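These notes are about the structure you will find just below.
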Amino acid sequence: MEKMYQPKKIERKWQEIWDKEKAFAASEDYSKPKYYALVEFPYPSGQGLHVGHPRPYTALDIVARKRRMQGYNVLYPMGWDAFGLPTENYAIKNKIHPKIVTERNVARFKEQLHSLGYSFDWDREINTTDPEYYHWTQWIFLKLFKAGLAYKKEMPINWCTSCKVGLANEEVVNGVCERCGSEVVRKVKSQWMLKITEYAEKLLEGLEEVDYIEKVKVSQKNWIGRSEGAEVSFKLKDKDETLTVYTTRPDTLFGATYMVVSPEHPLIDKYKAEITNWEDIAAYREMAARKSDFERTELAKDKTGVVLGGITAVNPVNGREIPVWISDYVLMSYGTGAIMAVPAHDERDWDFAKKFNLPIIEVVAGGENVQEAAFTDVATGKLVNSEFLNGLEVKEAKKKIIEFLEEKGIGHKKVNYKLRDWVFSRQRYWGEPIPIVKCEKCGYVPIDESELPLMLPEVESYMPTDDGESPIAAMTDWVNTVCPCCGGKAARETDTMPQWAGSSWYFLRYTDPKNKEALASKEALKYWLPVDWYNGGMEHTTLHLLYSRFWHRFLYDEGVVPTKEPYKKRTSHGMILGENGEKMSKSRGNVVNPDDIVNEYGADTLRTYEMFIGAFELSAAWSNEGVRGCRRFLERVWKLQDLITDDDEYSKEMETKMHQTIKKVSGDFENLKFNTAIAAMMSLINDFYKVGKVTKGEFKTLLILLNPVAPHMTEELWEIMNYGKRLYEASWPEYDEAKTVEATVEIAVQINGKTKLTIFIDKDMEKEDVIAKAKEALGDKLTGNIVKEIYVPGRIVNIVAK
RNA sequence: GCCGGCGUGGCGGAAUGGCAGACGCAUCAGACUCAAAAUCUGACGAGGGAAACCUCGUAUGGGUUCAAGUCCCAUCGCCGGCACCA
């Protein structure tokens, strides 16, 4: 045998050779079939690579390497999502410019990724903080602005008390900042917003044409939260005014016994003079305003509210006069900020009605006494107490009432979404400057495209300010400018973009990363899009994934990109937990550093282990014993060198197994079943040891199959074996379906579904012969009258006897 | 509360409705060794039996089927997401 297995030496050697030979560069020959594999580019944090990173990277590296060997022109790129708060915070604390911190972190990450032997096309590396890159992030923003999809709005935003920055709804988790865990309060600020809501329907429709794992689709659908209903206008008594509500159940209109408006509803201020209990109302509003969103939902169960004295609404279908209340269980941000309450059939309305002694009228039959509990199981049922709707099924009643409302001009069909617009401003330094100036005369004016990239100014201090202004605001030289429109005095926008900006389109840039004229050439986009397979974390389902689909769809509508959807297929990996089954963290002391594993066992072992650890989509606990097992497996492959015979063909006894293994591994690599693919290869080498030899032809196939998982070792063995050229240039092996079945198979023989024994049969044996042979083998075990005889070819014989 | 997913040996986990536990880890026994490590060979769901074998077994209770870990209904438990969204 050629020396010991020394991963350290081998791995460095091949990494250098691959670099030198540009082994994995995507070709610009657009006549070849393409394959675009993508993993989420990392945020280069100061901690360096986490042991969780290699899981998705290795998975798609396997797919990329396999596809290359199958003749595809593969694009498997990598880059850096490098803007962001942690870098800025680190910079503040250590008085180092974030740019320097970023450079350092990127260098470290790159080295670590390199040590794992990924087949990334490093010529296409991108970095969101590079002006050449954010030029186009800003360019897209200008497009959005010009299309009316970016607007500035005074609004209560989620304000992180620690980061001192506004957050998108998606970034607030259980009332605390998703990133730092600090309290989030409401603060009114003028913010840049993106109208993602305008794309709600398109984002929903787009899901129909893509191949995403089910739970991602479901999460996105829930997040967009489409509901069908109607808007209905209630006239206010003695006033020339209507109060409009949104309801998904217009059919229950006869059961509406009161209305509720949100404390922020404009109607309240408008009729201040006529409200008889203004002091109570004002006090209630103030109390509601003080609560954070979190508190408001935490205290959910106990309903509070105050009636609007002097205001009475009229139910448009029966003329009944009903009171109007204010309560914070009605949200200004959804629907119209006002509801009609149908306490008989809605839990919340029922609670409220009980507490304030409001009437409850049953309008859908079938439940218990609605005075005792709300009857909410009313997706079907017959209407009662509803005049012209009486006796109708819910579905019919909905149709009829909407017709009625539309005819009378008091209501109409309406679709609503839970999705809110995207808060796009950050009062921070380390982000893309927003390319807008504010002119005293012309308002918000976009800067000219020729001015891009609008460079981030160098500042002395990056400290966030307590008043919520960006640190850039103090840079008067940079801020003061002239209006591109009228030439008058103007000030630059000092807020920056959120981290999600740069990551919303990065996959486009990879197709043509050095282009100075456009974000990428039309040809490159046309050839490479859509991304064939995109893998990333579940935590990005409603953030990054939705945002990038939004931008992409917008760019499609603008004619910039050729596909409606950016990603054809989306999968998600599970987390890697500590040995104790808990999430890895410094405080728990269960962190595994990938560098240590590479040093001790080698990159190939780490790669193999992370793929073998368990089902790819599920989280899995780290096990050092398991790592050793994978190293042992690679050692056993290495030592097969001792058993090699000169034969170029597959041996008779191994032929079937070879074909089976090629089939299994090829299929499993495409179906996220890396663990069973590796198990199949382990089983194959166990068989080689059993028969005591391996032919040159068999070994060659094994090396190719294993190459995507353990690229360094297999490449080294390929060279030792002198198979010619490089392994990465080899062709993926074919299998013959017919040869995946043994000539002689062992099948189970059952009586009434219970296995009694097994017999060997010829694979092509006829049913009658198999059954005859089975009966013979059973002998006197078989008693009673035979009712039925079942033969599943190559699997089982079942004889049903009574 | 709603939505999604999952419950299989000591552990990680395999099983297009067709012999449950592949593959790996741990453990035990044996070989090699002065010895240990490494390596190799074998055993390894539970109960019974000297053995051939037999019985039971995939969270629980029912059902469909010649045949159920897999499909259906109900229950329990765990994980993830959303949540006063009218």
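Readers should treat all values here as calculations from the given coordinates under stated rules, not as data from a laboratory. As the structure is a computational prediction, the values presented were derived from the model and not from experiment. Neighbour counts are summed over all protein chains in view; Cβ atoms, including those assigned to glycine, are modelled from backbone coordinates with ideal geometry.
Close amide H contacts of A:H53 (hydrogens built in the peptide plane, cut-off under 5 Å, sequence separation of 5 or more or a different chain): none are found. Going by a ≥ b ≥ c, the root eigenvalues of the Cα gyration tensor, does the range A:284-395 fall in the rounded group (a/c under 1.5), the prolate group (a/b larger than b/c) or the oblate group? Prolate.
If R0 equals 60 Å, the separation of the Cβ atoms of A:K399 and A:T304 corresponds to a calculated FRET efficiency of about 0.95. Straightening the chain between A:S162 and A:E579 buys 146.9 nm, computed as 0.36 nm per residue apart minus the Cα-Cα spacing.
Only the Cβ atoms of Lys and Arg (+1) and of Asp and Glu (-1) were treated as charged; on that basis the dipole of chain A about its Cα centre amounts to roughly 440 debye.
Take the Kirkwood radius over Cα pairs of the range A:535-585, plug it into Stokes-Einstein at 4 °C and 1.567 mPa s, and you get 100 µm²/s for translational diffusion. Less than 5 angstrom separates the built amide H of A:A374 from none of the residues sequence-distant by 5 or more or on a different chain.
Model label points for A:K95 and A:A491, set 7 angstrom from Cα along the Cα-to-Cβ axis, are 3.0 nm apart. Here the Karplus curve 6.51 cos²θ - 1.76 cosθ + 1.60, taken at θ = phi - 60°, turns the phi angles of the range A:42-54 into couplings of x, 8, x, 6, x, 6, x, 5, 9, 5, x, 4, x Hz, with x standing for Gly and Pro. Hey, which of these cross-link pairs are over 29 Å Cα-Cα: A:K34/A:K664; A:K217/A:K413; A:K32/A:K522; A:K146/A:K413; A:K237/A:K303; A:K664/A:K763? Violating the 29 Å limit, Cα to Cα: A:K146/A:K413.
As a calculated quantity, the FRET efficiency between A:N599 and A:S450 at R0 = 56 Å, using C-beta atoms, amounts to about 0.65. Working from label points 7 Å from Cα in the Cα-to-Cβ sense, the A:Y689 to A:V218 distance is 4.2 nm. Of A:D121, A:D61, A:D130, the sequence from fewest to most neighbouring Cβ atoms within 10 angstrom is A:D130, A:D121, A:D61. Once the Cα atoms are used to define both axes, helix A:711-721 deviates from the longest principal axis of chain A by about 20 degrees.
Computed from Cα atoms alone, the Kirkwood hydrodynamic radius reported for chain A is 31.4 Å. With a Förster radius of 56 Å applied to the beta-carbon distance between A:Q47 and A:E776, the computed FRET efficiency rounds to 0.25. Here chain A carries DSSP beta bridges of which approximately 75% are antiparallel, counting only pairs with both residues inside.
Compared with the dominant Cα axis of chain A, that is its longest principal axis, helix A:278-290 is turned about 20°.
Extension gain for the segment A:E274 to A:A289, taken as residue separation times 0.36 nm less the Cα-Cα distance, is 3.2 nm to one decimal. Which net charge results for the neighbourhood of A:E768, defined as the other residues with beta-carbon distances under 15 angstrom from its beta-carbon, given Lys and Arg at +1 and Asp and Glu at -1? With Lys, Arg at +1 and Asp, Glu at -1, the neighbours total -2.
For A:K152, the lysines whose Cα falls under 22 Å of its own Cα, not counting residues fewer than eight places away in the same chain, are A:K143, A:K164, A:K187, A:K189, A:K195, A:K418, A:K438, A:K441, A:K489.
By the count of neighbouring beta-carbon atoms within 10 Å, fewest first, A:W505, A:W136 end up ordered A:W136, A:W505. At full extension, A:S227 and A:V800 could sit 200.9 nm farther apart than now, given 0.36 nm per residue minus the alpha carbon distance. About the centre of its Cα atoms, the range A:570-626 shows a dipole size close to 300 debye [charges on the beta carbon of Lys, Arg (+1) and Asp, Glu (-1) only; nearest 20 debye].
Taken along the Cα-to-beta-carbon direction at a fixed 7 Å, the label points for A:V745 and A:K9 span 4.8 nm.
A Cβ-based charge dipole, computed about the Cα centre of the range A:1-139 with Lys and Arg at +1 and Asp and Glu at -1, lands at about 520 debye. Sorted ascending by nearby beta carbons within 10 Å, beginning with the fewest, A:D642, A:D477, A:D349, A:D647 become A:D477, A:D642, A:D647, A:D349. Reported to the nearest whole Å, the Cα centre-to-centre distance from the range A:661-733 to the range A:441-492 is 58. Straight-line reach from A:K586: which lysines fall under 22 Å, measuring Cα to Cα and dropping same-chain residues less than 8 apart? Reachable lysines: A:K93. Phi-derived couplings, Karplus 6.51 cos²θ - 1.76 cosθ + 1.60 at θ = phi - 60°, listed residue by residue for the range A:731-748: 9, 5, x, 9, 10, 10, 3, 4, 8, 7, 10, 4, 5, 10, 10, 9, 10, 8 Hz, with x used for Gly and Pro.
Got a sec? Charge dipole of chain A, +1 on Cβ for Lys and Arg, -1 for Asp and Glu; which of A:G319, A:L392, A:V741 is way out at the positive end? Farthest towards the positive end: A:V741. Can you give the angle from 0 to 90° between the axis of helix A:544-557 and the longest principal axis of chain A, with both taken from C-alpha atoms, to the nearest 10? It is inclined by approximately 80 degrees.
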